[in-house]
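The values are calculated or read from the model by the stated rules, or taken from the named source; none is laboratory data. Being a predicted model, the structure only gives us computed values, none of them experimental. Cβ atoms come from the backbone with ideal geometry, glycine included; neighbour counts cover every protein chain shown.
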């Protein structure tokens, strides 16, 4: 069982939850996309190196707050963990700096170049125009040979899949991937070998029991497992 995108540091008691997941044989790409999250996640990668794959990046929601020193720190995390992915990073029309050539695009381009430099997978967050991502790729020579994109929480259509496959892309499917008609219709076009599944669990993940009490780490782990199973079962029914 592989969760291709989860924010363990944003869940309650991440160390204890991680222990329960490890006991259950649950592997994951653990994403850290803010400076505080880089530091909070690092102990998980050191303690469970065969269970959790690091993914360090800068989310577009904070792109306008990023300093030059943060970019250098991000690079140092990528260097420290040779197995780490880059991201999640990308473009999101809901946050400042989304306009072409603005801050979100510059921060994303930095991370795409980082993936190229270190030959790492690039975890992409996209809310808005997927086509701009491909324009940036073309501009910087991101061909999929030295690094490849992962379209997290995929919400594109058949055209996007057609453009992405030559880049050796992976498509990470979330329960939301089935909501939009054009995306749901396109999912069957993705080669099976290129499909992954994710929970994208973070601070919004339900962590309360029906009586309002906080779930124990074991129960949170079991909820993640069930969530991931549901996503895969939905995809199999397409």
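Observations on the structure shown:
- Residues of the stretch 95-115 satisfying the condition of being out of contact with any strand residue (DSSP E or B) (no Cβ under 7 Å at 6 or more places or on another chain), assigned to a loop (DSSP other than H, G, I, E, B) and buried (at least 16 other Cβ atoms within 10 Å of the Cβ): 95, 97
- Strands (runs of 3 or more DSSP E) contained in the stretch 118-192 and holding at least 1 residues at pLDDT below 95 and over 13 Å from residue 89 (Cβ atoms): none
- Flag if residue 42 is under 17 Å from the mean Cα position of the chain (by Cα) and closer than 21 Å to residue 120 by Cα: yes
- Count of the stretch 205-221 residues which are assigned to a helix (DSSP H, G or I) and either out of contact with any helix residue (DSSP H, G or I) (no Cβ under 8 Å at 6 or more places or on another chain) or free of Cβ contacts under 8 Å to residues at least 60 places away in the same chain (or both): 1
- For residue 201, the stated conditions hold: it is touching a residue at least 24 places away in the same chain (Cβ under 8 Å) and assigned to a loop (DSSP other than H, G, I, E, B).
- Options 118, 142: the member that is free of Cβ contacts under 8 Å to residues at least 60 places away in the same chain, surrounded by 15 or more Cβ atoms within 10 Å (Cβ to Cβ), more than 23 Å from residue 153 (Cβ to Cβ) and touching a helix residue (DSSP H, G or I) at 6+ places or on another chain (Cβ under 6 Å): 118
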